[in-house]
Structures are given as C-alpha cells and as structure tokens.
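Bear in mind these aren't lab numbers, they're just calculated from the coordinates by the rules spelled out. Remember, it's a predicted structure, so these values are computed and weren't measured experimentally. Neighbour counts run over all protein chains shown; Cβ positions are idealised from the backbone, glycine included.
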Amino acid sequence: MGDAALTPEEHAEFLLDLVACAAAEAFTDSYYYTLEKSRDKISSFYAPKTVGPDNTTPSIAWNSILYNEGSSFQEYFEGLTHTHFELESLDVDVLNPKFLPASDLLGGSNNDAEDHDRRMSIAIVVTGCVRLEEPLKGPMREFAETFVLIPNREKQLPPKPSFEKGWHQEWLIQTQNFRFTEWGATEVGDAKSEGTKVPTGPRNVFQGRNQGVAKHFAAAGLTIKGKGKA
C-alpha cells in the first residue's frame, strides 16, 4: 500500500515522522560518540538554561542526579572514567509539531500551518548497554534513556531538513532522563549473582498516533529498530 492510500493529514504526519526519525538517528549517533570521545562538546547539545515559575530547563536526570545546565552535566561526565555505549533500540515520536511559534522560525513562512518539520519537538527513547570504567572489558549494564528535543532557535534549517552531513545541533535537549535497568551484584546488597535485574515495569515505547501510518512506515523499512551506532 503506497502513499496514495493516505489522507492528506496522514501524509503530512508521515513526512514529519520521516524527518523526526532521521533527526533522532543523527542525534544519537553524534551524542553518544561525544559522550565517549569529545566530552568537551557535551554542553553544545543542550538548550540554554531557562528558569520558569514551575520548572527549570534543561532538566537532566542522570541516574537520579539532577542537573539544570548542559555545562554542569558536562563537568560531571568529564570526571567519569571510560564509557562505552552500545545502542539496541530507538523509538521516536513527534510531540508537538508547532512547538516553535511560526514567527520565531528563522527563514520560515510565518504561517502557523506550515514549516512543522522545522518547528516540532521530538521525543526519543533509547535502550542499550553501557560499559563503565574499563575500555575493552568488563560487564555491560542495560540502560534506558529518554530525551525531548526542541528546535534550536539560532539555526536556520532548510525545508525538509536532512542529516546527510551529520548532526549540527538543529534540535537541542530540553529534558533527559537516564536510568540503569540492570544493577550489578555489589549494588543490590546480598545479591550473589553477577547481575541482578531490577523490576522497572514496561519499557517506554512511543506507540505513534496512527497505526495505519505506522504500518506504512514499517513497510518502507524506516522504523528505527535494532543496533544503533555508538
């Protein structure tokens, strides 16, 4: 079943999903590489600090430790020993296609019904494994991480943005939550096994807003699943 079977609304949603998935893949490739190899650039992935009446962003929760600036999280991560990430799955959803007001988009049409591919906020859920402390050996620990990305107001993106030349902070992290989903024996008291799973409930998976569109997306081979680059 091709695009001709989609309604105009579904087709527009499908095109947004394509951009969101391409952005998520480019973002995660660049972000996790930076965590390993270029830690002095970590802060460039985060939105500027904003203090509101109810919350402060960016909100970065890394294994229950909260940071409210990309620079403070970078300082923390620069103090860690070696880390190696292997990504296993990547789930993506468009949260708000009109997150950025049309009047604030550089080079935009100033029409609220247009430019959603450059104005949307994006939710990303990553699962995988990380090795801490040792570069080449040692146990891998499972983790899950969620991001909300918002448009970078200082970037002028072309319509239907692509990421063939890599990630250049087209979207920035507004919120982030990292948690281990598997703990080592030394972290769970009297556990005797090498690793003990901690019940965490079902993993966060964004189901999408329209199953018909999701089926077209999967049939086109564009659903992002399986091994990612780290």
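Using label points projected 7 Å from each Cα along Cα→Cβ, tell me how many nm separate residue 62 and residue 168, to one decimal.
Placing both labels 7 Å along Cα→Cβ, they lie 2.7 nm apart.
Tell me which residues come under 5 Å, amide H to amide H, from residue 143 once H is placed; ignore anything under 5 positions away on its chain.
Result for residue 143 returns 128, 129, 130, 181.
Past the 27 Å Cα-Cα mark, which pairs from 37/160; 37/98; 137/165; 37/137; 41/98?
Table pairs above 27 Å Cα-Cα are 37/160; 37/98; 137/165; 41/98.
Describe numerically, in nm with one decimal, the distance between label points set 7 Å from Cα along Cα→Cβ at residue 38 and at residue 111.
Going from the residue 38 label point to the residue 111 one covers 3.6 nm.
Taking the Cα-to-Cβ direction at residue 179 and at residue 15 and moving 7 Å from each Cα, how far apart do the two end points lie in nm?
Distance between the two pseudo-spin positions: 3.8 nm.
Could you give the length gained on full extension between residue 55 and residue 96, defined as 0.36 nm per residue of separation minus the Cα-Cα distance, in nm?
Length gained between residue 55 and residue 96: 12.9 nm.
When the Cα centres of region 101-119 and region 27-84 are compared, how far apart do they sit, in Å?
Using only Cα atoms, the two centres lie 28 Å from each other.
Provide the gained length on full extension for the span residue 88 to residue 137, in nm with one decimal, where the gain is 0.36 nm per separating residue minus the Cα-Cα distance. If you can, show how the numbers build up before the last one.
Values: separation 49, 0.36 × 49 = 17.64 nm, distance 1.88 nm.
The residue 88-residue 137 span can extend by a further 15.8 nm.
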